[in-house]
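Remarks on the structure that follows.
The values are calculated or read from the model by the stated rules, or taken from the named source; none is laboratory data. Small disclaimer: the values here were computed from a predicted structure and weren't measured. Don't worry about glycine lacking a Cβ; one is built from the backbone with ideal geometry, like all the others, and counts go over all protein chains shown. Protein only, heavy atoms only, side chains kept; ligands, DNA and RNA dropped before computing areas. Shrake-Rupley method; radii C 1.70, N 1.55, O 1.52, S 1.80 Å.
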Amino acid sequence: MYAQVVVDVLSRQVDKPFTYAVPDGLSTALGMRVRVPFGKRELTGLVVGLCEEAGGLEPEKIKPLLGAVEDFPLLTEELIVLARWLQGHCGCTLAQAVRAMLPAQLRGGSAKPLTRLAVRLCQPLEQALQASKRAPRQQQLLRSVSDGRVHRLDLLEEEIPGALAVARALEKKGICEVFSLEVRRAPFVDLALDQSHLPTAEQANAIAALSKALDDGGGSFLLAGVTGSGKTEVYMHLIRRCLNRGKGAIVLVPEIALTPQMAAWFRARFGDTAAILHSALSKGEQFDEWRRIRFGEARVVVGARSAVFAPVQSLGLVVVDEEHEQSYQSEGQPQYDARDVAVERARLCGGIALLGSATPQIQSYEKALRGAYTLLELPHRVQGRPMAQVEIVDMRREILDGNPSIFSRSLRRALEETLQKGEQAVLFINRRGYAGFVKCRACGYTPKCPHCDVALTYHLVDNSLHCHYCGYRQATPSLCPACGSRYIKPMGIGTQKVEQVFCQEFPTVPCIRLDADTTARKDELVRLLSSFRRGEAKVMIGTQMVAKGHDFPNVTLVGVMMADLSLNVPDYRSEERTFQLLTQVAGRAGRGELPGQVFVQTYEPDHYAIQMAARQDYRAFFEQELKRRKRTLYPPYTLPMRILATSPSEPEARAAAEGLGQQLKDWFYEEKQRRKLLVQVRAMEAPLSKIRDVYRYQVYVKLYAADGYAEALEQMQALCREYETAKVSLRLEIDPPSFL
Ligand code: ADP
Ligand code: ZN
Ligand code: ZN
């Protein structure tokens, strides 16, 4: 018997399974981790194949496996197939794909389950009490364990100090046995009441279509349901159905830490059958949850991105909630998109992939229209609740009318009224942490790159404007090229500024601020959210954190402080992200019995992303955005990629990018002649040209025809291997979430 083993080495040079002989007496199985000799070293690896033949190698030269690491397979056969798919699809090595599937504690090491000492009575109680008559503490312990069950000593310690010593003494007399017991580290989950609802007619339609597919061999679905249409309820019904059929389910949520509520609902409804997996858990907790899933104790998994690899058996359903969220794209290696993995994994096991959102990704909706996904829609909120009323506020008008405040007159008035009525408000400002852009305060003009459809980025150092896509540069104009005004300035208000101004203007109103700074400490987020939920804080000011999936029934007012911020991020997705953000924040208002209103402050009131978000009209936005993508050649019409060369030496990073870029160009040129493949290749300094003293250069590639993808990927990887040196790292990124 021979085993194909992927060794846990991430280098591309060893990116293939190696053959080892399985010695007699060693029982091994697909997916098991083993120790193998590798050159002069001993490494761990994962068995990805077993066969009778040595595959053309001389049997006497094949080294034997040294032993197994665990006594059970870590990965199922289905996950091994998925790992190979990842390798081909994401351009990672098989070892990287395998690593991504294991809980953190097992990556590059082995994990020990947590154990505690426990004690059990092994004599009849009467006899035992008799034998320890003169030892009151022994008697006390015996009474505590008199039920004959296993008791953890660390818990007994609370009532009987020195319980361990007492138990040891009893063990000596043969009255008790002391042994170590595996215990589970249970992640903390807020308690919640299960709120089941009778499905509405729209929900029932979606549930019926999905249930049918569950019994008929699966499929991929896009659930486009407006905010507050009750998508969660659809997921829940379907999960219940899976469980009834003996199947398991995975529910991916964008950042579980942001929606502690979600985990709580699942625990409330499914009890211990639900496992929670996310990076805020300690590695030990993750490992224990993972083991519960692996051994079938937990059949429903709620988790962030990487939970898509949870070893659920007979998987029937993978839900991707808020599927438009960026956090589903992994930025490390392997660089995978959990949405694609979900669809592929469901396909492999004949289950359902269900992507849900009020604002689906352009690519997802396009796939649904093409028939690659089945489209299900929930066009209305539950119980006939109206969508919030959205008003666009033209901030240019405010300046002209002599109001320089960051609060427009109408937002301020609405704030006053809302607070007077005892209702709550959310103020949203999407200030992200990198250099701002320039905008004319009088006419709203923002300089854009003549070659790319993106705003130029303001660079303070030399007061110039750069294009982060093609490298175009110009000096920052001192007068607005559109209207001649002097007030063309870099923009920059953030959450702190909003908080400061709010506190000055509403000094008696308690408010909280929710952003990366205030929630850096582990439990701070939960604390802030629950203080808002209890109504102690009346106003919540925050970044996109406030836009995500929260359900606060008493929030009736949402103010978007500056809608343009996300619009001018130099990225081809900035229109889409703006629309999504605005629609999602607007969706936080009026979710309870009370109707909601939203004010969107902007310098570009006529922009289609803002207009259509205000109308909460996804379809109209989609159509217009798709046209723009076609015109400017962006996905789904092209595939942008890049190879990032990083090095502490600037000339070497540049040389690698330029050399590689030239060779890639030549290769593409030949391919182009052969198969009419259209591409664009450019080597240049990366937009963020230096991070932590590491220089960054890039080769930007845009593939116009998808059919050359596999070969192009292979060629790019081969070039990466060729140009990688001790001082230059190369990394291939396929439509990454950011091109900075
Ligand atoms: P979405 O995720 O689509 O924005 P949610 O799933 O958060 O919406 O549901 C919005 C609210 O509607 C929640 O408070 C939920 O409890 C409630 N809800 C969902 N389905 C029903 C129903 N069939 N009847 C009554 N209320 C419902
Ligand atoms: Zn102007
Ligand atoms: Zn450009």
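Tabulated results
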read-out	value
Filter result for the condition that a residue is open to solvent by less than 50 Å² (accessible area, probe 1.4 Å) and in a helix (DSSP H, G or I), over Leu43, Leu79	Leu79
Residue in the range 425-435 that is aromatic (Phe, Trp, Tyr), more than 16 Å from ligand 3 (Cβ to nearest atom) and open to solvent by 60 Å² or more (accessible area, probe 1.4 Å) present	yes
Selection count where residues are aliphatic (A, V, I, L, M) and surrounded by fewer than 24 Cβ atoms within 10 Å (Cβ to Cβ), scope the range 570-609	1
Conditions (1) over 23 Å from Ser408 (Cα atoms); (2) assigned to a loop (DSSP other than H, G, I, E, B): number failed by Leu528	(2)
Residue within the range 148-166 that is among the small types (Gly, Ala, Ser), over 30 Å from Cys720 (Cα atoms), buried (at least 20 other Cβ atoms within 10 Å of the Cβ) and at pLDDT 85 or above present	yes
Filter result for Ala118 (of a type outside the set (Lys, Arg), in contact with a Lys or Arg (Cβ under 7 Å, 6 or more places away or on another chain) and in contact (Cβ under 8 Å) with a residue 24 or more places away in the chain)	yes
Selection within the range 258-284 - part of a helix (DSSP H, G or I), of a type outside the set (D, E, K, R) and under 27 Å from Gln326 (Cβ atoms)	Leu258, Pro260, Gln261, Met262, Ala263, Ala264, Trp265, Phe266
Residue list for the range 616-651, filter: in contact with a helix residue (DSSP H, G or I) (Cβ under 9 Å, 6 or more places away or on another chain) and among the β-branched types (Val, Ile, Thr)	Thr638, Ile643, Thr646
Qualifying helices (runs of 4 or more DSSP H) (wholly inside the range 553-639; at least 2 residues being of a type in the set (Lys, Arg))	618-632
The range 716-735 - residue that is in contact with a strand residue (DSSP E or B) (Cβ under 7 Å, 6 or more places away or on another chain) and either among the hydroxyl-bearing types (Ser, Thr, Tyr) or part of a loop (DSSP other than H, G, I, E, B) (or both) and, of those, most open to solvent (accessible area, probe 1.4 Å)	Lys727
Residues within the range 565-620 that are among the charged types (D, E, K, R) and farther than 20 Å from Gly228 by Cα, tallied	6
Pairs where the first residue, in the range 471-500, is under 16 Å from Lys439 (Cα atoms) and the second is at pLDDT 90 or above and among the acidic types (Asp, Glu), C-beta under 6 Å, 6+ apart	none
Test: residue in the range 494-507 that is out of contact with any Cys (no Cβ under 6 Å at 6 or more places or on another chain), part of a loop (DSSP other than H, G, I, E, B) and surrounded by 16 or more Cβ atoms within 10 Å (Cβ to Cβ)	yes
Of residues in the range 484-493 being open to solvent by 70 Å² or more (accessible area, probe 1.4 Å) and in a loop (DSSP other than H, G, I, E, B), the one farthest from ligand 2 (Cβ to nearest atom)	Arg486
Output for the range 128-145, where each listed residue is under 52 Å from the mean Cα position of the chain (by Cα) and over 14 Å from Ala118 (Cα atoms)	Gln140, Arg143
Filtered residue count, the range 342-399, keeping only those that are of a type in the set (Phe, Trp, Tyr) and either under 30 Å from Glu593 (Cα atoms) or within 12 Å of ligand 1 (Cβ to nearest atom) (or both)	0
Total residues in the range 93-112, condition at pLDDT 85 or above and outside any helix (DSSP H, G or I)	2
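Okay, residues lined up against (1) at pLDDT below 90; (2) closer than 24 Å to Leu375 by Cβ:
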| position | (1), (2) |
| --- | --- |
| Tyr618 | no, yes |
| Phe622 | no, yes |
| Arg628 | no, yes |
| Arg631 | no, no |
| Leu639 | yes, yes |
| Ala645 | no, no |
| Glu652 | no, no |
| Trp667 | yes, no |
